[in-house]
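S.K.: After the structure tokens below, expect a handful of questions from me.
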Amino acid sequence: MNIKVVKFGGSSLADANQIKKAADIIRSDERRRYVVPSAPGKRFSDDIKITDMLYKCNALAQENRNINETFSAIAHRYNNIIEDLGIDLSLDSELETIRKNITEKAGSEYAASRGEYLNGIIIAALLGYEFIDAASVIVFDEDGTFNNEKTQPKLRKRLKGVSHAVIPGFYGADEKGNVRTFSRGGSDVTGSIIASAVKADVYENWTDVSGFLVADPRIVDSPKSISVITYKELRELSYMGATVLHEDAIFPVRTAGIPINIKNTNKPEDAGTFIVSEVPEDESNKYTITGIAGKKGFAAINIEKAMMNSELGFCRRVLAVLEESGISIEHMPSGIDTLSVIFPYSQIEGREDEVIAKIRKAVAPEHIELESGIALLAVVGRGMRRTRGTAARMFASMAHARINVKMIDQGSSELNVIIGIGESDFDEAIRRIYDMFVNSVEE
């Protein structure tokens, strides 16, 4: 039998009604045999996610303050879900153990993980599937790094003979038994790890949108959806702020050649987006670009010095200063006598003068300045390799809007172009590029 691993996000499991939708989806296809749930998310715009409530409990406990009021709200929400689902299940014992452990300062990772843990128990009971605690199969090293080499054989051994199971997302444990978590959104990663372990045919990731969109719907009105995207394209877009899927979720399934299907729990009939290793040339996207994404909050150190290009070790000395200062660079455009390094402004904030002084001492530039308020845009698309004039059209669209381009960076793969602009031009730049490459095709 073919196997599908299905992961449901927090918005898909926010209350009993959403959980019923997820259960109907799982039951509608007998191939959906392994389920990875997130913790309940927001039920409405001003609601609080269970994970955030658990983080608050931990913060209170660390300050030796009483957690009972906040924890009671968590317990009440889970008990309401159980009651509304009409299942014969009590979490009283589990909840009391969790409350006691958080009070005794079990730590933020333990506290945060309990949202998925409890939701997993509920969903397993509703479906009649076996519940497997992720702490028993997802292995972390003592420094908090996920260990795939130890996880895969452990998972395969535990799942052997288990035809249907619910395994909570987001967390695992180190070899001392301490609960460890992935970064926020890490349930995506758990689903990918399990899909790899069981050699799934498809990893379905269910959320509240019908796949990836070409651009952010908060910026572009009703952007088109992406039917097929490659892992490489997804990696670029995820890194630059597209948040449908946790960027680290790509690697376990990419290695195994397993496609990911992003689906909408509220519109299960929609095809969603398929994420695949390669796309045959005859199935290419009808648009030259696949997607546009970006992030604000960057800064640049601009350095000028005559004959810089012939000064041995110049770049290395600049980068050494940044490394010693804990600054990781994003891009490093350069000319014969100029060099710019672009990095997150948060990494230098409050230490600007100190870092600039160190660079002055290291390379004695003729001019050096710090420029903040920079945004980076990634325009990504496998179609750019076979289409002439893509970059020219991109920059023409921004020139018409009087948007000044501060930086351009294109890799040799021709898969993406990174553009540096002022933060104030961020939204308009995305709209102009979208108009040029998508709306113009539709007209």
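The values are calculated or read from the model by the stated rules, or taken from the named source; none is laboratory data. Worth saying up front: this structure is predicted, and the values here are computed from it rather than measured. Counting neighbours? That spans all protein chains shown, and the Cβs are built from the backbone with ideal geometry, glycine included. Please note that ligands, DNA and RNA were not included when accessible areas were found on the heavy atoms of the full protein model with its side chains. Shrake-Rupley method; radii C 1.70, N 1.55, O 1.52, S 1.80 Å.
S.K.: How about segment 224-251: which of its residues are assigned to a helix (DSSP H, G or I) and open to solvent by less than 20 Å² (accessible area, probe 1.4 Å)?
M.R.: Correct list: TYR231, GLU233, LEU234, LEU237, SER238, ALA249, ILE250.
S.K.: Consider GLY420 carefully, then state whether it is at pLDDT 95 or above, touching a strand residue (DSSP E or B) at 6+ places or on another chain (Cβ under 7 Å) and not in a loop (DSSP other than H, G, I, E, B).
M.R.: Criteria not met by GLY420.
S.K.: Another question, if that's okay. Which count do you get for residues in segment 80-104 that are closer than 25 Å to ARG43 by Cα and of a type in the set (Lys, Arg)?
M.R.: 1
S.K.: Against the condition surrounded by fewer than 21 Cβ atoms within 10 Å (Cβ to Cβ), in a loop (DSSP other than H, G, I, E, B) and without any contact (Cβ under 8 Å) to a residue 60 or more places away in the chain, how does ARG385 come out, does it pass?
M.R.: It is false that ARG385 is surrounded by fewer than 21 Cβ atoms within 10 Å (Cβ to Cβ), in a loop (DSSP other than H, G, I, E, B) and without any contact (Cβ under 8 Å) to a residue 60 or more places away in the chain.
S.K.: Pairs please, first residue from segment 47-59 and under 10 Å from ILE102 (Cβ atoms), second anywhere and part of a helix (DSSP H, G or I) and of a type in the set (Ser, Thr, Tyr), Cβ atoms under 7 Å, 6+ apart in sequence or on different chains.
M.R.: Going by the 7 Å Cβ cut-off, the qualifying pairs are CYS57/THR70; ASN58/SER108.
S.K.: Exactly one of (1) in contact (Cβ under 8 Å) with a residue 60 or more places away in the chain; (2) in contact with a strand residue (DSSP E or B) (Cβ under 9 Å, 6 or more places away or on another chain) is unmet by ALA135. Its number?
M.R.: Failing condition for ALA135: (1).
S.K.: Sort out which residues of segment 199-215 are buried (at least 19 other Cβ atoms within 10 Å of the Cβ) and in contact with a helix residue (DSSP H, G or I) (Cβ under 7 Å, 6 or more places away or on another chain), and write them in order of number.
M.R.: Correct list: TYR203, ASN205, TRP206, THR207, VAL214, ALA215.
S.K.: Does ASP221 fit the bill of being among the acidic types (Asp, Glu) and either touching a strand residue (DSSP E or B) at 6+ places or on another chain (Cβ under 6 Å) or surrounded by 15 or more Cβ atoms within 10 Å (Cβ to Cβ) (or both)? Even if it seems obvious, please write down each step before you answer.
M.R.: Numbers: among the acidic types (Asp, Glu): yes; either touching a strand residue (DSSP E or B) at 6+ places or on another chain (Cβ under 6 Å) or surrounded by 15 or more Cβ atoms within 10 Å (Cβ to Cβ) (or both): no.
Answer is no for this residue.
S.K.: Just one of ALA429, ALA391 is in contact with a helix residue (DSSP H, G or I) (Cβ under 6 Å, 6 or more places away or on another chain), part of a helix (DSSP H, G or I) and surrounded by 13 or more Cβ atoms within 10 Å (Cβ to Cβ); which is it? Reasoning before the result, please.
M.R.: Numbers: ALA391 fails: in contact with a helix residue (DSSP H, G or I) (Cβ under 6 Å, 6 or more places away or on another chain).
On inspection, the qualifying residue turns out to be ALA429.
S.K.: In this structure, does GLY185 turn out to be open to solvent by 30 Å² or more (accessible area, probe 1.4 Å), in a loop (DSSP other than H, G, I, E, B) and touching a His at 6+ places or on another chain (Cβ under 9 Å)?
M.R.: Considered against the rule, which asks whether it is open to solvent by 30 Å² or more (accessible area, probe 1.4 Å), in a loop (DSSP other than H, G, I, E, B) and touching a His at 6+ places or on another chain (Cβ under 9 Å), GLY185 comes out as yes.
S.K.: Would you pick out the residues in segment 365-382 that are open to solvent by 60 Å² or more (accessible area, probe 1.4 Å) and in a loop (DSSP other than H, G, I, E, B)?
M.R.: The answer is GLU366, and nothing else.
S.K.: Among the residues in segment 131-145, are any among the β-branched types (Val, Ile, Thr), closer than 25 Å to LYS21 by Cα, touching a helix residue (DSSP H, G or I) at 6+ places or on another chain (Cβ under 9 Å) and open to solvent by less than 40 Å² (accessible area, probe 1.4 Å)? Break it down into steps so the answer makes sense when it comes.
M.R.: To start, the set of residues in segment 131-145 that are among the β-branched types (Val, Ile, Thr) comprises 132, 137-139, 145.
If we keep only those that are closer than 25 Å to LYS21 by Cα as well, we get 132.
Subset that is touching a helix residue (DSSP H, G or I) at 6+ places or on another chain (Cβ under 9 Å): 132.
Those still in the list that are open to solvent by less than 40 Å² (accessible area, probe 1.4 Å) too: 132.
Yes, segment 131-145 contains a residue that is among the β-branched types (Val, Ile, Thr), closer than 25 Å to LYS21 by Cα, touching a helix residue (DSSP H, G or I) at 6+ places or on another chain (Cβ under 9 Å) and open to solvent by less than 40 Å² (accessible area, probe 1.4 Å).
S.K.: Which one of these is among the aliphatic types (A, V, I, L, M) and in contact with a Cys (Cβ under 7 Å, 6 or more places away or on another chain): ILE98, ILE102, ILE74?
M.R.: Values: ILE98 fails: in contact with a Cys (Cβ under 7 Å, 6 or more places away or on another chain); ILE74 fails: in contact with a Cys (Cβ under 7 Å, 6 or more places away or on another chain).
ILE102 is the lone residue from the list that is among the aliphatic types (A, V, I, L, M) and in contact with a Cys (Cβ under 7 Å, 6 or more places away or on another chain).
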